[in-house]
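Every number in this text was worked out from the coordinates using simple rules, so none of it is lab data. Bear in mind the structure is a predicted one, so any value in this text is a computation, not a measurement. Positions of Cβ are backbone-derived with ideal geometry, glycine not excepted, and every protein chain shown enters the neighbour counts.
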Amino acid sequence: MVKKWAKRKKAWKKAWRWKKWEWKERKSEMAKYQGKSVRLNKPSRITKGQPGFGRKKFKVFVKSGSKVKKVMFGDPNMKIKKSSPARRKSFRARHRCSTAKDKTTARYWSCKMW
């Protein structure tokens, strides 16, 4: 019984250290975009009331040189059905996902979601 508790305690300490480190990393991933503090390189869904709602499905803020860019991507009327291997393969071939390297493009983020 004591051994199990010791293992849990050790795992908890390790997780806590990881979260503390992760928090420091997240803090460094923040930037200013039009006066607002935003997280970089983390896609989020565009909700009702936000600019771009109804036109695109996701947005992500990316640093391009010294500037911060907002990249919007995805069709709001379509579902992402990546659980089907045939659809996934077809999408990745159609968009040439193997060559998408530039983070400032919608193609890169769309391929990353698939």
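For the reader, a short list of remarks on this structure follows.
- In sequence order, calculated HN-Hα J values of segment 44-51 (Karplus, 6.51, -1.76, 1.60; Hz; x Gly/Pro): 9, 6, 7, 9, 4, x, 8, x
- Residue exposure proxy: F53, F61, ordered by other Cβ atoms within 10 angstrom of their Cβ from fewest to most, comes out as F53, F61.
- Over 22 Å between alpha carbons, listed pairs K79/K101; K79/K112; K48/K103: K79/K101; K48/K103
- FRET efficiency, K32 to R88 (Cβ-Cβ, R0 35 Å, nearest 0.05): 0.45
- Cα lying deepest toward the dipole's positive end in segment 28-105, options M30, P85, F61, charges on Cβ: P85
- For K69, distant residues with modelled amide H under 5 Å away: V62, K63, S64
- You can think of it this way: the chain between S98 and I80 has 4.6 nm of extra reach, that is 0.36 nm per residue less the Cα-Cα gap.
- Counting only DSSP beta bridges whose two residues both lie in segment 39-83, roughly 80 percent are antiparallel.
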